[in-house]
Structure formats: C-alpha cells, structure tokens
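The values are calculated or read from the model by the stated rules, or taken from the named source; none is laboratory data. Here the structure is a predicted model, which is why all the values come from computation and not from measurement. Every residue, glycine among them, receives a Cβ derived from its backbone with ideal geometry; neighbour counts consider all protein chains shown. SASA here: full protein model, heavy atoms, side chains in, ligands and nucleic acids out. Shrake-Rupley method; radii C 1.70, N 1.55, O 1.52, S 1.80 Å.
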Amino acid sequence: MFALKITYKGKDTIVGVKDGLLTVWVHDESDRCIVYADSVETESKERNIWFSAEEMDGEIDVEVVENVQLSKPLKTARGVSIRKEPSKIEKYRMLEEILKEKGLI
C-alpha cells in the first residue's frame, strides 16, 4: 500500500487509505495557511482525519512511501460514504436496463 508521509515541525504523520479517497487540502489566505489531510474508506465508510495545521509557521514536506505502518488518526467518523464512479461495464448494464424498460432493445 502506498501512503503519504507528512513531516511538519520534525513530526512524521503517515496517512493512507486501503480502498477509498485520500485528500490533502491546502487553503492559503492572505494572513494564514491551513493544511489538512483526511481519507474516506469505501468499504468501511469511515472518515479519518490524519493531519491538521491551522496556523502554518514553517515548512511542510510530503513524500510518497510504501509498505509502512499508518499513524493513528486524529479523529474517526463512521457512516460516511463517497460516491464511487460506476465502471464501464456497470454503465453499460445501466444503459441496457434503461433501453429495455423503454422497449428499444
């Protein structure tokens, strides 16, 4: 499994996701910069917040790493889901079903 290693103020945070979406947000305002990392697992429907820096006052390094132990999330929420794009075969079957319902095939 690939993950991201975020280093800020000498502390490493390893963030990753098995099957879902991993997001690193950077919001830069005129007077402050916010960096935030979270993930949503498709299967377990868990949202993990891994990293949050409301007031950046130094450098942040992000590196792709492999086969590592993930850090403990700062916060976990259950029952969250992401809308997964249907595969091509699923789209085909959905279209086929619609056309059958309309009597076109």
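Taking the stretch 56-80 on its own, how many of its residues are in a loop (DSSP other than H, G, I, E, B) and open to solvent by 100 Å² or more (accessible area, probe 1.4 Å)?
In the first step, residues of the stretch 56-80 are kept if they are in a loop (DSSP other than H, G, I, E, B); the result is 56-59, 67-74, 79-80.
Narrowing the set further to residues that are open to solvent by 100 Å² or more (accessible area, probe 1.4 Å) leaves 57, 59, 67, 69, 72, 74.
Of the residues in the stretch 56-80, 6 are in a loop (DSSP other than H, G, I, E, B) and open to solvent by 100 Å² or more (accessible area, probe 1.4 Å).
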- line: How many residues of the stretch 81-96 are surrounded by 10 or more Cβ atoms within 10 Å (Cβ to Cβ) and part of a helix (DSSP H, G or I)? The answer is 7
task: Give the residue that is farthest from F51 (Cα to Cα), with candidates limited to residues of the stretch 6-18 that are under 14 Å from the mean Cα position of the chain (by Cα) and open to solvent by less than 60 Å² (accessible area, probe 1.4 Å).
output: V17
query: If you check every pair at least six apart or on different chains, which have Cβ atoms under 6 Å apart with a residue in the stretch 67-81 that is under 18 Å from K45 (Cβ atoms) first and a residue that is open to solvent by less than 100 Å² (accessible area, probe 1.4 Å) and assigned to a loop (DSSP other than H, G, I, E, B) second?
result: G79/K45; V80/K45; S81/K45
- prompt: Only one residue in A3, A37, A53 is in contact (Cβ under 8 Å) with a residue 60 or more places away in the chain and open to solvent by less than 20 Å² (accessible area, probe 1.4 Å). Which one?
  reply: A3
message: Can you report the number of residues in the stretch 1-51 which are under 18 Å from L74 (Cα atoms), assigned to a loop (DSSP other than H, G, I, E, B) and modelled with pLDDT under 85?
response: 4
